[in-house]
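Report on the following structure.
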Amino acid sequence: MPAEPTLHLGHRTAAPAYPAAAGSSIVSVATGHPGSGFPEDRMPEGYTPTERDLPVINRGDTVQVPVTPEAAPAAESAPANGEGPGPLYVVGDVHGYLDELVAALRAQGLIDENGGWSAGNARLWFLGDFTDRGPDGIGVIDLVMRLSAEAAAAGGYCKALMGNHELLLIGAKRFGDTPVNSGAGTATFQAAWLLNGGQKHDMDRLQDVHLQWMSRLDAVVREDDHLLLHSDTTAYLEYGETIEDVNDTVHEILTRNDADEVWDVFRKFTKRFAFRDEGGPQAVQELLSTYGGHRIVHGHSPIPYLLGQVGTEEGEDSSGPIVDGPHVYADGLAIAMDGGVTMAGKLLVVQLPLNS
Ligand SMILES: [Mn+2]
């Protein structure tokens, strides 16, 4: 890993327009993208985004629990007559990697060869962070919006949580170079967006419909026994004692449209690693006891970082994907879903619950 990561704007060739032409084949589910991004978006108090910082990870901070993801295609596991809720799936951070997303959804039987919803009454949740770093963030949002309509028509649903990159993109569009109160020094959404993988190509195509869709996403949701969040942080607790309160508060802040206030939410939802290390399980329990559920499922912090496989010589020497599934940790109370598609990782789409 370079000592001084450089900003990659448009580092990949443009992805083919979606949906793919009939007959075109989807080749791979997981591919590495060396040098294409860093999860530098941890911003400590007083941080002025003039340079990128990397999370500090100590090998052995987490204990991985072996799990066997259920891989049955939704079409086969869905109840025949639509009785009861369909099977539940979650998707980790996509970050503009549209081709990888299409391939992963296809591999789980959630979409057909034409990219249409094919999972009947299945329930699909995206965990946020659709844009930045990768080549086609707007294409990803367009796909999720279309699948949401198609899934609803089929008796299922496709929904999404708000990630910190949605707040970042909204802020960059609305507030641009307006200085915001960052605690120390001057910050702007525009600068932070560029430093965190913002793609001009996405901004050029960003329309009101995308902004409205993003600004209405929920930050927290409970699905069966799972509490779904984007970020591995307890900062959600600052926004309400119920899931509804948290989501209402975030939506109210976005509606008020005050740059400092939106920046503060962005900063708080960019925190990470609260569920690792000593005190991690207690942090998870605090969220579960407040909002319900038996397990937290989150994105945001790439599994290679949670595992300490990045930033070490061993990690840098390894070849091929270093993530092959979700990471269960915090005494089995938390599931990390960001497989690190922006690095040498994998875009994860898995069915819940995990057998573990
Ligand atoms: Mn994130």
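Give me the residue from the stretch 142-156 that is part of a helix (DSSP H, G or I) and farther than 16 Å from Val90 by Cα and, out of that set, farthest from the ligand (Cβ to nearest atom). Lay out the reasoning, then the answer.
Step one: list which residues in the stretch 142-156 are part of a helix (DSSP H, G or I), which gives 142-153.
Among the residues that remain, those that are also farther than 16 Å from Val90 by Cα are: 142, 146, 149-150, 152-153.
On the way: Asp142: 20, Arg146: 23, Ala149: 25, Glu150: 26, Ala152: 26, Ala153: 30 Å.
Residue satisfying both the conditions and the ranking: Ala153.
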Yes or no: Leu254 part of a helix (DSSP H, G or I) and either closer than 19 Å to Asp129 by Cβ or at pLDDT 95 or above (or both)?
yes
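Can you go through Ala192, Ala172, Ala187 and tell me which one is within 14 Å of Leu254 (Cα to Cα) and open to solvent by less than 10 Å² (accessible area, probe 1.4 Å)? Don't jump to the end; show me each part of the working.
Values: Ala192 fails: within 14 Å of Leu254 (Cα to Cα); Ala187 fails: within 14 Å of Leu254 (Cα to Cα).
Of the residues listed, the single one that is within 14 Å of Leu254 (Cα to Cα) and open to solvent by less than 10 Å² (accessible area, probe 1.4 Å) is Ala172.
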Selection from the stretch 257-314 of residues open to solvent by 10 Å² or more (accessible area, probe 1.4 Å), over 21 Å from Ile243 (Cβ atoms), within 13 Å of the ligand (Cβ to nearest atom) and not in a loop (DSSP other than H, G, I, E, B) yields Arg267
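The values are calculated or read from the model by the stated rules, or taken from the named source; none is laboratory data. In this text the structure is predicted, and so the values were computed from the model without any measurement. Glycine gets a Cβ as well: all are built from the backbone with ideal geometry, and neighbour counts include every protein chain shown. Surface accessibility is based on the protein's heavy atoms, side chains included, excluding ligands, DNA and RNA. Shrake-Rupley method; radii C 1.70, N 1.55, O 1.52, S 1.80 Å.
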